[in-house]
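A.B. asks: Shown below is the structure under consideration.
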Amino acid sequence: MLTHEITAYAGRYLLLAPLLLALAACGPSENATTGQQADTETGEPDVTVYDTGVFFDSVTYRLGHGGGHAFSSDGQRLLVNSDETGVFNAYALDLGNNQMQPLSDSDDNAVSAVSWFPDDDRVLLTGDIGGNRA
């Protein structure tokens, strides 16, 4: 029975690979076009220089902690952490409609999803309060 469960979870992670590839293939933000070419009179190769706005306008997505259960017990949702609000918060990504449901709503301290509980819809969260993991 345990081998079957491990195989089922491994199969789910293999299904996640296309999602990660799709996220990696996303194009640059619209602000990336504001980059300026560096001066090449010095003989140095051309390097595109971006202002800090490009960095701060980027959004990061990551899965729940590696040791936890990233998939819900019914296999329909995936734990995702994102800084799209300006600070990391936890979300449940519905794999049927690709909608992210917020699980936390912090505007000053990072909150991350660790794991689903094995038999229900509860989620274990962790926080980073003032730079100290809580």
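A.B. asks: Return the long-range amide H neighbours of S115 (sequence gap of 5 or more, or a different chain), with a cut-off of under 5 Å between placed amide H atoms.
C.D. replies: Amide H neighbours of S115, under 5 Å, 5+ apart: L124.
A.B. asks: On to the next question. How many nm is it between the label spots at Q101 and D83, if each spot is 7 Å from the Cα in line with the beta carbon?
C.D. replies: 2.7 nm
A.B. asks: Which whole-Hz ³J(HN,Hα) couplings does region 96-109 yield from phi under the Karplus relation 6.51 cos²θ - 1.76 cosθ + 1.60, θ = phi - 60°, glycine and proline marked x?
C.D. replies: Ordered by residue, 3J(HN,Hα) equals x, 10, 6, 8, 9, 9, x, 9, 9, 9, 8, 10, 9, 10 Hz.
A.B. asks: What trypsin sites (Lys or Arg not before Pro) does region 46-134 have in DSSP loop regions with at most 12 other beta carbons within 10 Å?
C.D. replies: Working: sites: R62, R77, R122, R133; in loops: R122.
Of the trypsin sites (Lys or Arg not before Pro), the ones in loops of region 46-134 whose Cβ has at most 12 other Cβ atoms within 10 Å are R122.
A.B. asks: Testing the spin-label approximation: label points 7 Å from Cα along Cα→Cβ at V47 and V59. State their distance in nm.
C.D. replies: 3.0 nm
A.B. asks: Continuing with the same structure: Would you kindly calculate the translational diffusion coefficient of region 87-134, applying Stokes-Einstein with the Kirkwood radius from alpha carbon pairs, for 37 °C and a viscosity of 0.692 mPa s, and quote it in µm² s⁻¹ without decimals?
C.D. replies: Values: Rh = 11.6 Å.
Stokes-Einstein gives a translational diffusion coefficient of 284 µm²/s.
Read-outs throughout are calculated quantities, based only on the coordinates presented, and are distinct from any laboratory measurement. Because the structure is predicted, anything quoted here is derived from the model rather than measured. Every residue, glycine among them, receives a Cβ derived from its backbone with ideal geometry; neighbour counts consider all protein chains shown.
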